[in-house]
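The values are calculated or read from the model by the stated rules, or taken from the named source; none is laboratory data. Since this is a predicted model, take the numbers as computed values, not measurements. All Cβ positions, glycine included, derive from the backbone under ideal geometry; neighbour counts span all protein chains shown. The protein model used for the area step is the full one, side chains on, heavy atoms only, and it has no ligands, DNA or RNA in it. Shrake-Rupley method; radii C 1.70, N 1.55, O 1.52, S 1.80 Å.
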Amino acid sequence: MRQLRLIIQREYWTRVRRKSFLIATLITPLAFGLFVVVVNYILQYKSDEAIRIAVIDEGQLFSGGIADEENIFFKIVDTDLETIKENFSSFDYHGILVTPPPGNLQQQKYNARYYTDQKLTLELEPVLIDRLRTALRKHKIAALNLDERSLEALNSQVDIEPKSVTPEAIVGTSMAGKIAAVIGMVMAFFMYITVFIYGMMVMRSVMEEKTNRIVEVMISSVKPFPLMLGKIIGVGMVGLTQVLAWAILVPLMLIGVNLIFGFDMGATNLPETPPEFGDVDPQVLAAQIMTELGSFNWWVILPLFLLYFLGGYFMYAALFAAVGSAMGDDLGEGQSLTIPITIPVILAFYITIAAIQSPNSGLAIWASYFPLFSPIVMPARLPFDPPWWEITISLILLIGTCIGLIWLSGRIYRVGILLYGKKVSLWEMSKWVFRK
């Protein structure tokens, strides 16, 4: 245990004192703050190009005129099309919109013509379609003698409020499922990223020590297994330290950016209310979301998330360490060895996307049991309150597999770490497990 503790201390303090660690820990919140500033400016940016459009209203759709957009200006003209086309450059128009008569009122398709020498942009086309659709709607309502308010009444807003059958069941509101899906996806994405980043960090650490021959000195006083385990735990603690630092620095950076640049975070960060929420005020919606967030059982979700994080990290980090011990200093050479490790992680992430839509489906439950998938899939299901026995089975299988894979990786590590100048295959690595 003393050797293991010394290895952990060495791995931890060596890495957290590196300039690269300090720079990454500090630069990431700064980059995040810069990202927020740039995104806000981009979202608030309005094109400075003035677009003038001549409208030949043959169908008399715009008798009340056409509303201009920010930088898009419409002008209804009486000049015929051929005259404008012949003198197009002198008129300084971007294009000519020709609106033919709508014809049959029961017809749903309407074709307008837009003459221009430039391609339709993503900024202009929606504006043209919106103006034409609104004008056609008004024209048909007037021609068919329909009542606007009666038509609006046909667009019913439907809300479904779930109610529990048994008194002990907590089903929440209709919004709870959407929030649970978002929480599950965030946790799954965090697991996906951390498994890759810190697993690869363990693998590179093993490769560096093997390449520098430092490991030969260490093996003389420490057995390979505690050396590998200490390296995994040490790098994991480095990762947790970095995540903790980001959890503190990123919110501080966002507050600082808001104070310095005076962004209206309520206006920029709260998108338009989704149609399924009806005409709910964004501030009221935000309050409802906070209320729903408080209703989740975080005292169960967070500890379980930590358990799955540790199980997933130890399992994959051990595999990456074993691969790192078998590789030389050429990352490309060992790419074939890392593919079998990365494929389950990627598959688990895609299964998670299906699992948050149907958290009690057969695929979601099966993936929650399978240890290579469960560290990513099961945390995504936790906000949906899966049965406790499913969580218990999943954890038992995960912990058992984690211990088994650490043991197997240790067997590979003790041989591979002292092997130089030979290209290793997966078949050969499997034989190292049984070598005495």
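Among the trypsin sites (Lys or Arg not before Pro) in the stretch 90-179, which ones are in a DSSP loop with at most 13 other Cβ atoms within 10 Å of the Cβ? Mind listing them? Don't jump to the answer; show the numbers that get you there.
Numbers: sites: 109, 113, 119, 131, 133, 137, 138, 140, 149, 163, 178; in loops: 109, 119, 163.
Sites meeting the loop and neighbour criteria: 109, 119, 163.
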* Just how much of residue 10 is accessible, in Å², when a 1.4 Å probe is used and the result is rounded to the nearest 10? -> 80
* Structure fact -> Accessible-area order for 8, 343, largest to smallest, probe 1.4 angstrom, reads 343, 8
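Residue separation times 0.36 nm, minus the C-alpha to C-alpha distance between residue 113 and residue 48: what's the value?
Values: separation 65, 0.36 × 65 = 23.40 nm, distance 2.55 nm.
Contour length minus the Cα-Cα distance gives 20.8 nm.
Run through the DSSP bridge list for the chain and note the antiparallel percent, rounded to the nearest 5.
Working: 3 of 12 bridges.
Taking every DSSP beta bridge with both residues in the chain, the antiparallel ones total about 25 percent.
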* To do: May I ask you to rank 420, 41, 316 by accessible area, largest first, using a 1.4 Å probe over the protein chains only?
  => 41, 420, 316
* Asked: Hey, with R₀ at 25 Å, roughly what FRET efficiency would residue 399 and residue 3 work out to, going by the Cβ-Cβ distance, to 0.05?
  -> 0.55
* **Mean Cα-pair separation over length for the stretch 368-436, i.e. relative contact order, pairs under 8 Å, 6 or more apart, %** => 31
* Averaged per residue, what accessible surface does the stretch 12-159 expose to a 1.4 Å probe, in Å²? -> 70
* Quick one: dipole size for the chain, taken about the Cα centre, charges +1 on Lys/Arg Cβ and -1 on Asp/Glu Cβ, in debye to the nearest 20. => 3420
* Determine how large the accessible area of residue 123 is when every protein chain is in place; take a 1.4 Å probe and give Å² rounded to the nearest 10. => 70
* **Cα-based Rg / Dmax (Å) for the chain** => 30.9, 95
* Picking from 371, 290, 350, whose Cα lies most toward the positive end of the charge dipole for the stretch 283-425 (charges on Cβ: Lys, Arg +1; Asp, Glu -1)? -> 371
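If DNA, RNA and ligands are ignored and the probe is 1.4 Å, what is the ranking of 154, 310, 229 by accessible area, most exposed first?
Working: 154 130, 310 60, 229 35 Å².
Ranking 154, 310, 229 by accessible area, largest first, yields 154, 310, 229.
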* Asked: To the nearest 10 square angstrom, what accessible area does residue 225 show with a 1.4 Å probe?
  -> 80
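Run lengths n ≥ 4 of DSSP H only: what is the helix-derived mean residue ellipticity at 222 nm for the chain, with -39500 (n - 2.57) per run over all residues, to the nearest 500?
Taking each H run of at least 4 residues, the total per residue is -21500 deg cm²/dmol.
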* Asked: Length gain on complete extension for the stretch residue 85 to residue 223, per 0.36 nm per residue less the alpha carbon to alpha carbon distance?
  -> 41.1 nm
* Asked: Long-range amide H contacts for residue 55: which residues qualify at under 5 Å (H placed 1.01 Å from N, peptide plane, sequence gap of 5 or more or a different chain)?
  -> 75, 76, 77, 97
* Carbon plus sulfur fraction of accessible area for the chain, probe 1.4 Å, in percent -> 64
* To do: Apply 1/(1 + (r/R0)^6) to the Cβ-Cβ distance of residue 360 and residue 298, taking R0 = 25 Å, and write down the FRET efficiency to the nearest 0.05.
  => 0.75
* Structure fact -> Once both label points are put 7 Å beyond Cα along the C-beta direction, the residue 129-residue 106 separation in nm becomes 2.6
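Between residue 211 and residue 20, 0.36 nm times their residue separation minus their Cα-Cα distance comes to what?
Details: separation 191, 0.36 × 191 = 68.76 nm, distance 2.00 nm.
Difference between extended and current length: 66.8 nm.
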